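Report on the following structure.
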Amino acid sequence: MKMKRFLTTVAVVTATLALASCGKTIDLEGYAWTATVNGTDDEGDAVTMNIAMLCTSKEAGTLFVGSSYDDDPMDLGEALPFIYKWDDNEGTLTATYSYFELYKGTQTVSLPMNYSKTTGLVVDWGALYRLGGIPLNPAGLTLEKKEIYKAASLKGTEWALEYDENPRSESLAKDEARHYNYTLAFTTASTAKLTLQMTEGDEESETYEWSIAYSYADGVGEMTIKDLTWGDTFTGYFYLPDEKTITFCDGGNILPMKRV
């Protein structure tokens, strides 16, 4: 009987340890891991950096990184497709980073990740910072866990962003301030159109258009965008933080648009 009780005790302890171990392990798949951090970039300018790491599967996802400055109403930013390995609360995210403005091609960058009850999910952003992909290198930045919002269909939806370029900018006089009005219309389940109406001072507005072919799965959209004015074609990404907002990234800028 004593031996039976001993074996039973061992079995109970073993099961308890197994459950405790499982309870400490987190799963990244199916969640958008987000954070916002304020700081000063290398040139001394105040900047707000927004991060959304969407793990759409057990092995891959898309990372959105945006930078907002007071004197620039449009966020700078990139959307980086990535693959990742995650085991026992540690892993590595390997992203594809492209130099949109400088046309230097693409590079891969590896970002270590780890999780603990004390720190939460933390990503080491140093490699991306050194490449110039982000303006800040935050240490110990904890990412918040959110469900990925997945729209049933985008067909027939319209989105808009409207703003004035800051007239206090050194390069603009008040009568030269520009007004921007972006609209994004998803015409079918695979095509969309982005339109910009720009007005400078009292002059007539100018219209610019982009045609978009897109796919949408697991909460993230991938786009082939064609500039109908200049004929350039490039890749972009988008996701919906919620049913009323879309984050549209053309590879160099991020448009936070509202549903209309």
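The values are calculated or read from the model by the stated rules, or taken from the named source; none is laboratory data. Being a predicted model, the structure only gives us computed values, none of them experimental. Positions of Cβ are backbone-derived with ideal geometry, glycine not excepted, and every protein chain shown enters the neighbour counts. Side chains are part of the model used for accessible areas, which takes the heavy atoms of the whole protein and leaves out ligands, DNA and RNA. Shrake-Rupley method; radii C 1.70, N 1.55, O 1.52, S 1.80 Å.
Key figures for this structure:
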| quantity | calculated |
| --- | --- |
| Qualifying positions in the range 204-233 - in contact with an Asp or Glu (Cβ under 7 Å, 6 or more places away or on another chain) and of a type in the set (A, V, I, L, M, F, W, C) | Trp210, Ile225, Leu228 |
| Positions within the range 141-164 being assigned to a loop (DSSP other than H, G, I, E, B), touching a Phe, Trp or Tyr at 6+ places or on another chain (Cβ under 7 Å) and open to solvent by 30 Å² or more (accessible area, probe 1.4 Å), in sequence order | Lys155, Gly156 |
| Matching residues, the range 211-227, being aliphatic (A, V, I, L, M), in contact (Cβ under 8 Å) with a residue 24 or more places away in the chain and either in a loop (DSSP other than H, G, I, E, B) or open to solvent by 40 Å² or more (accessible area, probe 1.4 Å) (or both) | Ala217 |
| Subset of the range 114-126 [surrounded by 19 or more Cβ atoms within 10 Å (Cβ to Cβ) and either of a type outside the set (Val, Ile, Thr) or in contact with a Lys or Arg (Cβ under 9 Å, 6 or more places away or on another chain) (or both)] | Tyr115, Leu121, Asp124, Trp125 |
| Out of Leu111, Leu54, sole residue that is in a strand (DSSP E or B), farther than 20 Å from Ile254 by Cα and under 17 Å from the mean Cα position of the chain (by Cα) | Leu111 |
| Qualifying residues in the range 181-210 (those that are in contact with a helix residue (DSSP H, G or I) (Cβ under 9 Å, 6 or more places away or on another chain) and open to solvent by less than 60 Å² (accessible area, probe 1.4 Å)) - the one nearest to Glu29 (Cα to Cα) | Glu200 |
| Qualifying residue in the range 59-73 (condition: on the phi > 0 side of the Ramachandran plot, open to solvent by 10 Å² or more (accessible area, probe 1.4 Å) and at pLDDT below 90) | no |
| Selection status of Phe248, open to solvent by less than 70 Å² (accessible area, probe 1.4 Å), under 14 Å from Leu184 (Cβ atoms) and assigned to a strand (DSSP E or B) | yes |
| Single unsatisfied condition, Trp230 versus (1) aromatic (Phe, Trp, Tyr); (2) without any contact (Cβ under 8 Å) to a residue 60 or more places away in the chain; (3) under 26 Å from Tyr97 (Cα atoms); (4) surrounded by 14 or more Cβ atoms within 10 Å (Cβ to Cβ) | (4) |
| Residue satisfying all of: in the range 128-140; in contact with a Phe, Trp or Tyr (Cβ under 9 Å, 6 or more places away or on another chain) and not in a loop (DSSP other than H, G, I, E, B); modelled with the highest pLDDT among these | Leu128 |
| Of residues in the range 187-228 being small (Gly, Ala, Ser) and farther than 23 Å from Tyr239 by Cα, the one modelled with the lowest pLDDT | Gly201 |
